[in-house]
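Working notes, structure below.
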Amino acid sequence: MTDSLGTILSGSWKYFTAHIRPILIASIIFGVLMFGLQKVLEVQTTGNIEKHFGDIEQMQELAERIEDGDEEAFQEMMDQMGMVGEEGELDEKALAGLASGMMGNMMPMFGLFFITMMLLTLVTSTFYIVLALESSQSAMTVFKKVPALLLPMLGVWIWSFLRSFAWIPVVGIIPAIIIGPRLTLSSVILVKEKKGVFESVKASYTRTGGYWGKIVGNGIVGALVVMLAVLVLSLGIGIVGSVSMTGAAIAGAILQSATTAYATIFIVGLSNTIIANPKASATSK
């Protein structure tokens, strides 16, 4: 018989608190890295805007004047941006060139940011899955096992996506809703049983036969519990933000990583109880 939702939630919390030291170390590392990436993007975006529009503070002042009904402020803003022709008319070609130039500069930066964030998410998820399965009290011991798992874990993510969500534009969202939850165990099987990418995804689909409702129901309730906890803790971060915006941003990133840790431990607990209690329909496949 599978564990109840309450048992999984309480067991996940006990595991989380019992391994708070490696979780805290990892949360600080991942949180600071996440904050750093966001800060780099912010600085690069601000620099790109200033390159095309001029001084941001001056532009904000002009925007406020425009909101207050100052008709001359709009003309001043267009002059500063180089959008006014020789006869004082709006230069549409210059405006199109400005938009094209901004997009050309921003797209590579956003692409690199997206790839880097995905890599950080992959490392974070892999770390917490290994920690949840191997019960280590040493963050360094877990970190050493992560690199060898990154490519297989990425393969599981990609294959799971192709098996479920990639078909949405073709056949709609219903297959994704049906198949997606049944691939939840894939990453756990990959690490726990050391199976290959395709075998892990296939095993997840097979072993979750008859458990779609439990996975979805437990997942929704678990997500609501995590969201409530984050909401309460965010109030404290808001107090920190009144003193230091940077401190609040870093604390928020660390909280996000710690939340990922608990959510991962919960998913591993749910996966373990399903793996340990296969239904007859699943074992016969």
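In this label model, residue 223 and residue 45 are separated by 2.4 nm, measuring between points 7 Å along each Cα→Cβ vector.
List the pairs from 39/195; 192/279; 194/279 whose alpha-carbon separation is above 30 Å, in the order I gave them. Distance filter (> 30 Å) returns 39/195.
With a ≥ b ≥ c the root eigenvalues of the C-alpha gyration tensor of region 137-229, is it rounded (a/c under 1.5), prolate (a/b larger than b/c) or oblate? It comes out oblate by the Cα gyration axes.
Ranking of 42, 199 by neighbouring Cβ atoms within 10 Å, starting from the fewest: 42, 199. Sorting 171, 230, 188 from the fewest to the most surrounding beta carbons within 10 angstrom yields 171, 230, 188.
As a rough footprinting exposure proxy, the listed residues 123, 216 were ranked by other beta carbons within 10 Å of their own, and the order from fewest upward is 216, 123.
Taking 7 Å steps out from each Cα toward its Cβ at residue 259 and residue 193 produces label points 3.2 nm apart.
Each reported figure results from applying straightforward, stated rules to the coordinates on display, with no laboratory input. What you see is a predicted model, and the numbers here were worked out from it, not measured in a lab. Positions of Cβ are backbone-derived with ideal geometry, glycine not excepted, and every protein chain shown enters the neighbour counts.
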